[in-house]
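Peer 1: Submitted below is the structure of interest, expressed as structure tokens.
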Amino acid sequence: MFKIIKSIAVICGLSASLWLGQGAVWAADAAAPAETTSAQAAPAPAQASAGAEASTDNPYGLGALWAQGDAVAKGTLLILVLMSMGSWYVIVTKFFEQNRNAGFARKAQDNFWTKGSVREGTDELHADSPYRFIAEKGLEGASKHEGMLGAVDFNTWVTMSIQRAIGNVQSRMQDGLAVLATVGSTGPFVGLFGTVWGIYNALVKIGMSGQASIDKVAGPVGESLIMTAIGLAVAVPAVLGYNWLVRRNKAAMEDINAFGNDLHSVLLATAKK
């Protein structure tokens, strides 16, 4: 009886030890995935920040276009940049020139006609004033009506002298506007040429790689379309600036023509006296 009880006790002890050993193994197995998960979760912020930086950088912007473009693409982009700089230079310089001419017009209107003679009024005007240039040409035409020129009617000769001076002034006021007209009309086509060339190169690269997935197509084609956008960005300000400056020139020419007509009348009246 004692031997049976002893045998049962031994069996129970072995069973308990086996159960405790298996539990320890299970605990170790459960702890290992937790440690692995925590180890993998630790660099998550760094990976998240790296992903955020990658998402903020545009791989298909102007930098990529310049870095990956060939000589034709870079030359087209430089041409567009030069066209834009030239158009803005003309717009700014012509704006200040027109404002200066407006000041000359106010001075001529206030001071010229109050003088005793055309010569005195001309001397009071600024040396760069277009109104002084017209007045001097009118005086020159009135004083040189002799010889073969004397065969021409005095009225007609003075009119021709003043009209030539006005035409010269108008020509100088239109300097630079041809640049704006050229940029406004050709800018979109230059950008379109860059787009066509970029799409051609993109298709060649896609054909050589043998991959036509969206990531292979969207990047090169998107870079090519930037050229068209730049062409429009160059042409639109040039067209708007051209129309605006032409309208201001027309207003200035109205004052100049009125001054020329009044000067013609004064010269005729002075010659009769």
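The values are calculated or read from the model by the stated rules, or taken from the named source; none is laboratory data. This is a predicted model, so every value here is computed, not measured. Cβ placement follows ideal geometry from the backbone for every residue including glycine, while neighbour counts extend to all protein chains displayed.
Peer 1: Just to be sure, is V204 among the aliphatic types (A, V, I, L, M), touching a residue at least 12 places away in the same chain (Cβ under 8 Å) and part of a helix (DSSP H, G or I)?
Peer 2: So V204 does not fit the description; no.
Peer 1: Here's something else I'd like to know. Specify which of the listed residues (G198, G187) is among the small types (G, A, S), modelled with pLDDT under 85 and part of a helix (DSSP H, G or I).
Peer 2: Being among the small types (G, A, S), modelled with pLDDT under 85 and part of a helix (DSSP H, G or I) holds for just one of G198, G187, which is G198.
Peer 1: Considering region 74-96 alone, what residues qualify as being crowded, with 16+ Cβ neighbours inside 10 Å and farther than 28 Å from F193 by Cβ? It would help to see each step written out before you state the result.
Peer 2: Keep residues of region 74-96 that are crowded, with 16+ Cβ neighbours inside 10 Å, which gives 76-77, 79-80, 83-84, 86-88, 90-91, 94.
Selection gives K94 alone.
Peer 1: Name the residues in region 92-118 that are modelled with pLDDT of 90 or more and over 20 Å from M253 (Cβ atoms), would you?
Peer 2: V92
Peer 1: Condition first: among the hydroxyl-bearing types (S, T, Y) and modelled with pLDDT of 95 or more. Now tell me which residues in region 236-273 satisfy that.
Peer 2: Residues of region 236-273 among the hydroxyl-bearing types (S, T, Y): 242, 265, 270.
Residue satisfying the conditions is Y242 alone.
Peer 1: In addition: Within region 95-102, identify whether any single residue is under 17 Å from V246 (Cβ atoms) and among the acidic types (D, E), and answer yes or no.
Peer 2: Yes; the residues of region 95-102 include at least one that is under 17 Å from V246 (Cβ atoms) and among the acidic types (D, E).
Peer 1: Evaluate the following for T122: is it surrounded by 16 or more Cβ atoms within 10 Å (Cβ to Cβ) and β-branched (V, I, T)? Reasoning before the result, please.
Peer 2: Values: surrounded by 16 or more Cβ atoms within 10 Å (Cβ to Cβ): yes; β-branched (V, I, T): yes.
Against the criterion (surrounded by 16 or more Cβ atoms within 10 Å (Cβ to Cβ) and β-branched (V, I, T)), T122 qualifies.
Peer 1: Now for a separate question. Can you give me the number of residues within region 203-223 that are modelled with pLDDT of 75 or more and of a type in the set (G, A, S)?
Peer 2: Number of matching residues: 1.
Peer 1: I'd like the residue in region 244-273 that is among the basic types (K, R) and part of a helix (DSSP H, G or I) and, out of all such residues, is surrounded by the most Cβ atoms within 10 Å (Cβ to Cβ).
Peer 2: The residue in question is R248.
Peer 1: Please specify each residue of region 131-152 satisfying the condition of being of a type outside the set (K, R) and either outside the structural domain of K107 (by TED's automatic domain parsing) or at pLDDT 80 or above (or both).
Peer 2: Y131, F133, I134, A135, E136, G138, L139, E140, G141, A142, S143
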